[in-house]
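One structure is given below, encoded as structure tokens.
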Amino acid sequence: MAISFLDKQPQTDQLTYEIYLREPEIARRYSIVEGTRQFMSSPTYRHQRIQSNIDRALRDYEEETQSGVAVTAPCDVLIRRLPRLQVRQPDNFFVKKDTIERGGGLPENGPFKIAPDLIVEILFSSERSDMLQDKLADYQEIGVMEAWIVYPDEQRIEVIRFTATDVQSVATYTNDDTITSATLPNFNISLRNLFKP
């Protein structure tokens, strides 16, 4: 999800799922939390470069394995419709082919209604830790398997695994490490390539 502070002009109108689907496409990054859209500041150049490097690696994996679809923000992921609409926009995510088939296929319009298998969130020091915890709780709720939390200021990545009852930090990668995924077989990326300018 694009990082930084929430827009200073809160929106008070509650969005329902039906209203949300009728709206025109919005180019700005946002989350919908408890039915209220929360706009994010524009991502920095550094954020965009890291996101692009991860996207390139995921798309290469998609091409090589034909095992799913790589997606980069902005792209909505539906958390829930009721009691209040909740939508997130991970910075990057990957949905495996069997997950897509079980979920009824890729969306022609509207949000992804199937849980990604792997999501990536790029966090800078300006993002509050409670915001991250809320996102992780949402991802756990819909059945995401794995999350990579990228900390550009520290040049490290934390790997999170989700179960129905738990959110576990299972590894931290730094320096010249190569990060691997338990969810996507044979997918890896060196931190040096991920953080290159």
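We did not get these values from a lab; they are worked out from the coordinates using the rules stated. Here the structure is a predicted model, which means the values were calculated and not measured. Cβ coordinates were reconstructed from backbone atoms using ideal geometry, including for glycine residues, and neighbour counts include every protein chain displayed.
Rounded to the nearest 20, the size of the Cβ-charge dipole of the range 17-194 about its Cα centre is 380 debye, with Lys and Arg at +1 and Asp and Glu at -1.
Dipole orientation for the chain: of the candidates Q38, A147, Q89, Q38 has the Cα lying most toward the positive pole (charges on Cβ; Lys, Arg +1; Asp, Glu -1). When the Cα positions of V159, L136, T178 are compared along the charge dipole of the chain, L136 comes out farthest toward the positive end, with charges on each C-beta of Lys, Arg, Asp and Glu. Using bins of 5 Å that start at zero, the share of Cα-Cα pairs per bin across the range 109-197 amounts to 3, 13, 24, 23, 19, 13, 4, 1, 0, in whole %. Computed over the chain, the per-residue total of -39500 (n - 2.57) for DSSP H runs of n ≥ 4 gives a 222 nm mean residue ellipticity of -7500 deg cm²/dmol, rounded to 500. Averaging the sequence gap over all C-alpha pairs within less than 8 Å and six or more residues apart, then dividing by the number of residues, gives the chain a relative contact order of 18 percent. Net charge in the neighbourhood of W148 (other residues with Cβ under 13 Å of its Cβ; Lys, Arg +1, Asp, Glu -1) is -4. Efficiency by 1/(1 + (r/R0)^6): what FRET value for E141 and E25, r their Cβ-Cβ distance, R0 = 22 Å, to the nearest 0.05? Calculated transfer efficiency: 0.30. Evaluated at q = 0.11, 0.17 Å⁻¹, the base-10 log of the normalised Debye intensity for the chain, with identical point scatterers placed on the Cα atoms, takes the values -0.48, -1.20.
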